[in-house]
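Peer 1: I have a structure here, written as C-alpha cells, and I will follow up with some questions on it.
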Amino acid sequence: MSSTHRPARPDGPPAQPCGHLRRALGREHNPLGRAVDRARSRAVVLTVLGIALAALLGAGAAVPRYTAEQRAAAATAARLQKVDAVLQGPVRTVEAAVVGGRPAYHADAAWTRSDGRHHTGSIDVPRNTGPGATVVILVDEDGRPTAAPPGTADLVADAVCVGLSLFGLLGVLLFTGLLARLSVLDRRADRAWTRSWARWEPVWSGRDRHPGHDG
C-alpha cells in the first residue's frame, strides 16, 4: 500500500531589491504572489530603511562627539605650556612602564615656568639622553609634567568608534528582528500550505473519486 507524500512548501516568487519595494507597496502584478510574500518584502524593506536610519544616527553620534572632544582638547592645550627641562641625573629604565615590549625612560630634571616658578621632578626622556641635556616638555598650571591632549587623528578615531558602535548595535537589533519576523512568516506559510494540501491533495491525487483507494 502506498501513500501520497506532501511535497515541500513552495517558496514565493523571488524578488530583487527593487522587486521587494514594489511587492511591499503592493505594486507587483504576479499571480503567484501571496500575502505572506508581501509581508516578507515589507520586513526586508523596513529593515533596509532601519539600517539607513541607524547609519544616520551613528553619524549623528560621531559628529557631536568629535566636536565636544575637539573643544575639550583645545581648552586643555590652551592651559598647557612648553618649557625646557634640564636633566639633573642619568636616565633610568622604568620596567613597570613597559608598553608593547618597550621600556620607558625617566630622568630627574628641573624646569622653570613663564611665571618664574621653578620645578623639579621625573620626566619621560629619550633613551640616549644624558645629564645636562635639555628636553622640551608640557606642563600644566601647577607646573607638573603632563601628556599632550589627543590630536586630530585620535579624536577622529574615537568619534568613528562611537558612531560605528551605535550603528553596529542598531544593525544587530534590526537584523535579529528581521530573522524573527521571517521565521514567523515561514511558520505561517507552512501552516497555510498544510491546510491547502489537506484540502486539495485528495482532488489532485484522485482519492476523492476513489474513496477506497490509497494510492
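The values are calculated or read from the model by the stated rules, or taken from the named source; none is laboratory data. Note that this is a predicted model, so its numbers are computed, not measured. Every residue, glycine as well, gets a Cβ built from its backbone with ideal geometry; the counts of neighbours run over all protein chains shown.
Peer 1: For R188, only one of the following conditions fails: (1) surrounded by 13 or more Cβ atoms within 10 Å (Cβ to Cβ); (2) among the basic types (K, R); (3) closer than 18 Å to T76 by Cβ. What is its number?
Peer 2: Answer for R188: the failing condition is (3).
Peer 1: Among the residues of segment 161-175 satisfying the criterion of being surrounded by fewer than 17 Cβ atoms within 10 Å (Cβ to Cβ) and at pLDDT 95 or above, which is farthest from the chain's Cα centre (by Cα)? Even if it seems obvious, please write down each step before you answer.
Peer 2: First pass over segment 161-175, keeping only residues surrounded by fewer than 17 Cβ atoms within 10 Å (Cβ to Cβ): 161, 164-165, 168-169, 172-173, 175.
In the following step, the residues that additionally are at pLDDT 95 or above were identified as 161, 164-165, 168-169, 172-173.
Values: C161: 7, L164: 4, S165: 3, G168: 3, L169: 6, V172: 9, L173: 12 Å.
Checking each candidate, the answer is L173.
Peer 1: Say whether the condition of being surrounded by 13 or more Cβ atoms within 10 Å (Cβ to Cβ), in a loop (DSSP other than H, G, I, E, B) and in contact (Cβ under 8 Å) with a residue 60 or more places away in the chain is met by at least one residue in segment 80-100.
Peer 2: The answer is yes; a qualifying residue exists.
Peer 1: Continuing with the same structure: Which of the following residues is modelled with pLDDT under 95 and either surrounded by fewer than 16 Cβ atoms within 10 Å (Cβ to Cβ) or under 30 Å from F175 (Cα atoms) (or both): D158, D140? Write out each step before concluding.
Peer 2: Numbers: D158 fails: modelled with pLDDT under 95.
On inspection, the qualifying residue turns out to be D140.
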